[in-house]
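The values are calculated or read from the model by the stated rules, or taken from the named source; none is laboratory data. Given the structure is predicted, the values throughout are model-derived calculations rather than measurements. Counting neighbours? That spans all protein chains shown, and the Cβs are built from the backbone with ideal geometry, glycine included. Heavy atoms of the whole protein, side chains included, go into the accessibility calculation; ligands, DNA and RNA do not. Shrake-Rupley method; radii C 1.70, N 1.55, O 1.52, S 1.80 Å.
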Amino acid sequence: GWINEYRDVFLDNFNYSVAGNAMKWYSMGENGVDFTLADRWYNWHTANGIPVRGHTLLWGKKSSTTLSEENMHDPQWIEDLMEGSAAQKEQAKAAIINRIETVVGHYAGKIDEWDFNNELWNYDHYRRQFDGQTNWSTGSHNPSGPSILAEFAEAATGANPDIKLYHNDYNIITQSNTGNATSFKNL
């Protein structure tokens, strides 16, 4: 059917691929470490000689709703813990680090390039919750001192010292002024 036609068009026209949704937390089960869909995606590309980049280890976007179709970012239960007590924040951090280490370790030597945190500049919920940078326009994009993002990156490099982490975002250089690019550079 149409899926085979789509695959043929892909193979005729492309020589590299980035996972769309198969590796996002919501596609990998409640704890973000169920590899059923992600492995199927990876194995198909490998069988067809297509190198890949993983997408995405994290997506710290604050939800506007609990509707599952709008929660493509990290799960609601993580967000709830992040917004809770100090002990709950530690539980959230441990779960996030577990996801990073488990996913990166699973694919180490297979996928060594990853979109680290999807849309970090536009949705900086981790830094707001863990680092206390609550003002999006002034504090969030002017980091100083230790950051939760450094801890998360260290977890990834600890699980795979050969990993290359990418920042996947939008509206950095496509806006009418240079403010976004400057803030992104500072971040």
* Yes or no: Asn168 over 20 Å from His125 (Cα atoms), at pLDDT below 90 and assigned to a loop (DSSP other than H, G, I, E, B)? -> no
* Structure fact -> Flagged in region 112-127 as within 14 Å of Ile78 (Cα to Cα) and either in contact with a Lys or Arg (Cβ under 8 Å, 6 or more places away or on another chain) or open to solvent by 50 Å² or more (accessible area, probe 1.4 Å) (or both), in numbering order, are His125
* To do: Look at region 7-52 and say how many of its residues are open to solvent by 50 Å² or more (accessible area, probe 1.4 Å), closer than 30 Å to Met82 by Cα and either touching a residue at least 12 places away in the same chain (Cβ under 8 Å) or in a helix (DSSP H, G or I) (or both).
  => 7
* Filtered residue count, region 68-88, keeping only those that are in a helix (DSSP H, G or I) and open to solvent by less than 20 Å² (accessible area, probe 1.4 Å) -> 3
* Asked: How many residues are closer than 17 Å to His45 by Cβ and buried (at least 20 other Cβ atoms within 10 Å of the Cβ) if we restrict to region 89-111?
  -> 3
